[in-house]
1. S21 to E52: extension gain in nm, 0.36 nm per residue of separation minus the Cα-Cα distance?
2. Would you please give the FRET efficiency between H237 and Q87, computed as 1/(1 + (r/R0)^6) with r the Cβ-Cβ distance and R0 = 35 Å, to the nearest 0.05?
3. Just the accessible area per residue of the chain, please: how many Å² with a 1.4 Å probe?
4. Show E207, E44 ordered by accessible area, largest first, where the area counts protein heavy atoms only and the probe is 1.4 Å.
5. Across all directions of projection, what mean area in square nanometres is found for the Cα convex hull of the range 224-294?
6. Antiparallel as a % of all DSSP beta bridges within the chain, to the nearest 5?
7. Taking the highest mean first, how do the peptides 121-131, 85-95 order by number of other beta carbon atoms within 10 angstrom per residue?
8. Which residues does the label zone of A308 cover in the range 56-80, counting backbone N under 18 Å from a point 7 Å along Cα→Cβ?
Amino acid sequence: MPRVKCAPIAAGGSGEVGMASKPKILVTKLLFPAARAVLDKTGEIDYWAGPEAIPRAELLKRVADKDALVCLLNDKIDAELLAAGPQLRIVATVSVGYDNIDVPACTARKVIATNTPGVLDDTTADLAWALMLAIARRLVEGDAWVRSGNWRGFSMDHLLGADVYGKTLGIIGFGRIGRCVAKRGLGFGMRVLYSGSKRAPVDVERELNAEFVEQDRLFNESDFVSLHVPLNPQTRHLISKENLEKMKRTAFLINTSRGPVIDEAALVYALESKKLAGAALDVYEQEPFIHAGLKRPNVVLAPHIASASLETRTKMAVIAAENVVTFFKGKKPANMLNPEAWKAG
Ligand SMILES: NC(=O)c1ccc[n+]([C@@H]2O[C@H](COP(=O)([O-])OP(=O)(O)OC[C@H]3O[C@@H](n4cnc5c(N)ncnc54)[C@H](O)[C@@H]3O)[C@@H](O)[C@H]2O)c1
């Protein structure tokens, strides 16, 4: 498979932490020119240039002599990988979610882990909103109908959907992205409820006109439930059969967080038994596998593109690159997930 070796283009990378020569960095995607420009100044870079994700065996092989790894959310960074790369000092994922990284295992080996928070909030919120509008207003069904050639002109009762404007929006996980989704609700005149592990400051609630409620009440009262929690043991299958039964039969579920937050078998059952009006999903339990029961007209399926604008993906890649470069300058990277590993190192 393709291997692109880029020689360093400048004599940068000075002040490297405890390194006599330039750091060797494995990057599991060619990324974007702006990010490569940052990395190429710092070290000897080994880019995986294949169109698909780097195969696991190849990743384990190539990491063997590397000091740093810039990875994507589908590269699993676990004890096996850390053992395969004994020289690793830093792992930088090009994503805000870091459920792909075993952070305690990194800390145990004094490997710094970083992510890319903040730059994708609005882009992800836009996609959550696009999904919400698409499922409520049956946009994908309509598009398919027009393309099929069967459309015979305006009809009073064809493809009747549900209003978004003025409805109740329930946001689970009221962090950076959840709040951006709430902000868009203001423009749609929506009542916004949120639940989460902690309550937002009062001024944030006031600005976003959002009400903190118990999760059960959010399920009971929302017309749209949008998920914005990280994937962790507490949130895995948060959308269970039991919780789906608390939702209105007319409600829609939107997921731009991580697939395993939803028990997909339970969701399919809820849709089949008409306990839920529909769902719009960007993420899946076992990507890229799509549960056959989700391929139905009242489900919109997006291919994990919530942060996929050119501007935002470029910013994410640059931030990941800068985290690595900063580290090799002997400074603290901006987005450390395990600052305790820095102290230990
Ligand atoms: N589909 C995509 O491409 C895409 C893009 C960006 C982010 N994401 C996902 O969105 C997630 C959220 O990103 P963010 O930047 O807003 O994170 P964040 O940390 O700012 O917000 C997460 C919120 O969830 C809350 N939370 C944590 N555990 C919870 C629980 N058990 N129940 C309820 N609330 C809980 C936290 O208190 C926090 O308010 C990321 O972790 C990532 O997995 C997906």
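The values are calculated or read from the model by the stated rules, or taken from the named source; none is laboratory data. The shown structure was predicted, so the numbers you read here are calculated from the model rather than taken from an experiment. Neighbour counts run over all protein chains shown; Cβ positions are idealised from the backbone, glycine included. These area figures cover heavy atoms from the full protein model, side chains too; ligands, DNA and RNA do not enter into them. Shrake-Rupley method; radii C 1.70, N 1.55, O 1.52, S 1.80 Å.
1. On the way: separation 31, 0.36 × 31 = 11.16 nm, distance 3.12 nm.
Answer, rounded to one decimal: 8.0 nm.
2. On the way: r = 37 Å, r/R0 = 1.07.
Given R0 = 35 Å and the Cβ-Cβ separation, E is 0.40.
3. Details: 16350 Å² over 345 residues.
I get 47 Å² per residue for this part.
4. On the way: E207 125, E44 75 Å².
Sorted descending by solvent-accessible area, the residues read E207, E44.
5. Numbers: hull surface 16.6 nm².
Convex hull of Cα atoms, orientation-averaged projection: 4.2 nm².
6. Numbers: 6 of 45 bridges.
Given both bridge residues lie in the chain, the antiparallel proportion sits at roughly 15 percent.
7. Numbers: 121-131: 21.8, 85-95: 23.5.
Top to bottom by mean Cβ count within 10 Å: 85-95, 121-131.
8. The answer is 72-75.
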